[in-house]
1. Only one of Val120, Val133 is under 22 Å from Leu95 (Cβ atoms) and among the aliphatic types (A, V, I, L, M); which?
2. How many residues does segment 168-208 hold that are closer than 16 Å to Gly97 by Cα and not charged (D, E, K, R)?
3. From the list Ala187, Ala171, Ala201, pick out the single residue that is closer than 24 Å to Ile60 by Cα and free of Cβ contacts under 8 Å to residues at least 40 places away in the same chain.
4. How many residues does segment 160-183 contain that are outside any helix (DSSP H, G or I) and out of contact with any Leu (no Cβ under 9 Å at 6 or more places or on another chain)?
5. Give, as residue ranges, the helices (runs of 4 or more DSSP H) completely inside segment 56-159 that count at least 2 residues that are among the hydrophobic types (A, V, I, L, M, F, W, C), at pLDDT below 90 and crowded, with 20+ Cβ neighbours inside 10 Å.
6. Among the residues of segment 174-214, write down those that are aromatic (Phe, Trp, Tyr) and open to solvent by 40 Å² or more (accessible area, probe 1.4 Å).
7. Search segment 160-173 for residues being within 17 Å of the chain's Cα centre (by Cα) and either closer than 23 Å to Val120 by Cα or modelled with pLDDT under 85 (or both), and hand back the single one that is most open to solvent (accessible area, probe 1.4 Å).
8. Could you figure out which of (1) charged (D, E, K, R); (2) surrounded by 15 or more Cβ atoms within 10 Å (Cβ to Cβ); (3) not in a helix (DSSP H, G or I) isn't true of Glu225?
Amino acid sequence: MKLFSSRADRRRGIAAAVGVAVLAVGLYVLVSRYAGFITDTAALRAWLDQFGIFAPIVFIGLQALQVIVAPIPGQVVALVAGYLFGPLAGTMYSLTGVLIGSAVAFSLSKRFGRSFVERVIHEDVIARFDGFVDTVGVPGLFAFVIIPGLPDDAICFLSGLTKWSLPTFMAVIAVGRLPAYVLTVYAGGELASGRFLSAMALIGLVVAASAIGYYKQDAVRDLVERFEPRLPF
């Protein structure tokens, strides 16, 4: 499988990765110069501590909402969680929010059916992935959601139209989404600790994987559908 189907796709993928990296560097420089309080991690976390349990609750809610309604990439929220709460707590809060949002999306589809899904998901996504979960099963869905950049939020809604149970679906989401979130939250923790180069390397890795997943989502879908029936479990 070729990484990009054309030179135009390759240029767009490279441009997206470079653009995100430049934006991240520029934002960090601007914040460091004009909002130094934000880059003082100890002071920022001390300020958050005064809100007690409400600070993590807000982040968990934001992470859940990005699955259901908000056009915010979950990795962006995870990066902020790592910066504010550290790698361990940030991962826990991010994954909790993702699981809550995924469960809500799945349950809404179960409750209100196809007409609801067709109202909340773009018709192009439905056309490409309708029936995908029914076709591939647990190993295939896991292979799909573990790759960042794919429409995994839409898959949460489409999964609700299948015969899958909520516990099975949640187990796949929890394990499949964990690697990308761990890397992103850890990158946020590295930024907070002043290890800028290692943070940028991790962010670059996630961005590159997301760009490949986004531009090759149809190829990934076809590959998963082709090989999943051959798996021995």
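The values are calculated or read from the model by the stated rules, or taken from the named source; none is laboratory data. Worth saying up front: this structure is predicted, and the values here are computed from it rather than measured. When we count neighbours, we look across all protein chains shown, and the Cβ atoms used for this are built from the backbone with ideal geometry, even at glycine. Please note that ligands, DNA and RNA were not included when accessible areas were found on the heavy atoms of the full protein model with its side chains. Shrake-Rupley method; radii C 1.70, N 1.55, O 1.52, S 1.80 Å.
1. Checking each option against the conditions leaves just Val133.
2. 15
3. Numbers: Ala187 fails: free of Cβ contacts under 8 Å to residues at least 40 places away in the same chain; Ala201 fails: closer than 24 Å to Ile60 by Cα.
Ala171 is the lone residue from the list that is closer than 24 Å to Ile60 by Cα and free of Cβ contacts under 8 Å to residues at least 40 places away in the same chain.
4. So the answer is 4.
5. Per the criteria, 74-85, 132-145, 152-159.
6. Listed by number, the residues that qualify are Tyr186, Phe196, Tyr214.
7. Filtering segment 160-173 for residues within 17 Å of the chain's Cα centre (by Cα) gives 169-173.
Pick out the ones that are also either closer than 23 Å to Val120 by Cα or modelled with pLDDT under 85 (or both) and you get 169-170, 172-173.
Numbers: Phe169: 0, Met170: 38, Val172: 10, Ile173: 1 Å².
Per the stated criteria, the residue is Met170.
8. Unmet condition: (3).
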